[in-house]
Amino acid sequence: MTMAKNLVAVALLLVGAPGAAEEVSFTLKTRPDLAEGIAALPRLVGEGQAIRQINALLSAKDAEVLALAKDCNSDPPNSFYERSLAVTFDGPLLLSILVETAFYCPGAAHGLSWVEPLNFDVSLGTATDMHGVFPAAFIAKPTTDPKGYLPPRFTPEVAELYISSDPEIDPDCANLIRDNEGLFDVWPNAAQHGLTLMPFGLAYFFTFCQNPVTIPTATLRQLGFDKALLEALEASE
C-alpha cells in the first residue's frame, strides 16, 4: 500500500502536538493462527521504540484472546471461539486492523459476535480511537466520567452523516442510531478511500443495525476534514 508523503500532517492531527510525530517506516508480517479458527494479529517489522510498543500491544491482544478462548471453548463442538481480521490501512503512520470475533460459551443463552477496529498511530506507538481526525464541531463535549469508562462521543451531526450515507438503512435502525448517544467506531478504509463509521453499543437484538458505512473523501472535504488526511486516503491502495 502506498501513502501520500504528507502523512506527517495526519499524525500531527491525531496527536494534537505539533512536532511530536515522526514518520516510521515499517512492513507487516503475518503470523500463524493462534489456534484453529483464531487468526493472529500481524506484527510490524522495522526499527524504533514506536514499533516495539505497537508489537507489544498486538501481542497483549493475542494473549488476551487465547485466554478467553481457553475459558470459553471448553466443550467443543458445543462451544467455540473464532477470530478473523483484515488490515484496512497500513501506514507509514497509521495502521488499522478490522477484527471480527464470534463465540459461544457453554451455558450461555446465545452466542455473541462483533466487529471492532484496532487503530494505531505508528509515529507514537500508541492506539488511537480516530476521533482526533474529525473537525471539532463533530466531537461531543466530554461526559462526566471519573473512571474513564465512557468512550469519546460524537455530536448528532455524525449520526445524520452516517444515516444519509446509507440509502438502504432501515428507518427503525436510523432512529435507534440517532438515540445511541453518538457512539461510533471509526477506521480508515484504503480500499474504499474514505473513513468508515459503524455504530456500536446497541442492544443485542438490534446489532443488525450496526453496519459499517464508508464516507468518501469528497464528502469529508465538504465537511472540512484535514486536507492531508484526505490526500492520504485518496492515495492509498
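Compute, for the stretch 129-237, the length of the dipole vector about the Cα centre, with Cβ point charges of +1 (Lys, Arg) and -1 (Asp, Glu) only. Units Debye, rounded to 20.
Numbers: 6 positive and 15 negative charges, 70 e Å.
Using Cβ point charges on Lys, Arg, Asp and Glu, the stretch 129-237 gives about 340 debye.
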Exercise for review: Compare the Cα positions of 105, 216, 120 along the charge dipole of the chain (+1 at Cβ of Lys, Arg; -1 at Cβ of Asp, Glu; about the Cα centre) and return the one farthest towards the positive end.
Suggested key: 120
**Study point:** Whole-Å distance, taken between Cα centres, linking the stretch 179-216 and the stretch 220-235
**Key:** 19 Å
Practice item. Rank 207, 73, 60 by how far each Cα sits towards the positive end of the charge dipole of the chain (+1 on Lys, Arg Cβ; -1 on Asp, Glu Cβ) and give me just the farthest. Key: 60
Point to revise | the stretch 184-237 - Rg and Dmax from Cα coordinates, angstrom | key: 12.9, 39
Point to revise | the stretch 129-237 - Debye-derived log10 I(q)/I(0), Cα point model, q = 0.09 Å⁻¹ | key: -0.23
Review point. Distance in nm between label sites at residue 68 and residue 160, each 7 Å beyond Cα in the beta-carbon direction?
Key: 3.6 nm
Study note, to complete from the structure: With the dipole of the chain defined by +1 on each Lys or Arg Cβ and -1 on each Asp or Glu Cβ, the option from 164, 25, 194 whose Cα lies farthest towards the positive pole is 25
Exercise for review: Let me have the 222 nm mean residue ellipticity of the chain computed from DSSP H runs of 4+ only, each contributing -39500 (n - 2.57), with the sum over all residues rounded to the nearest 500.
Suggested key: -8500 deg cm²/dmol
Practice item. Using the Cα centre as the reference, give the magnitude of the dipole from point charges on the C-beta atoms of the chain (Lys, Arg: +1; Asp, Glu: -1; all else neutral), rounded to the nearest 20 debye. Key: 540 debye
Point to revise | Nearby aspartates and glutamates by direct alpha-carbon distance to residue 29 (threshold 17 angstrom, same-chain neighbours under 8 apart not counted) | key: 47, 62, 90
Exercise for review: With all distinct Cα pairs included, what does the Kirkwood hydrodynamic radius of the chain come out to in Å, to one decimal, could you say?
Suggested key: 19.1 Å
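Could you rank the peptides 40-46, 117-123 by their average count of other C-beta atoms within 10 Å per residue, with the highest value first?
Details: 40-46: 18.3, 117-123: 23.1.
Per-residue Cβ counts within 10 Å, averaged per peptide and sorted highest first, yield 117-123, 40-46.
Each value in this text was obtained by applying a stated rule to the coordinates, not by laboratory testing. What you see is a predicted model, and the numbers here were worked out from it, not measured in a lab. Don't worry about glycine lacking a Cβ; one is built from the backbone with ideal geometry, like all the others, and counts go over all protein chains shown.
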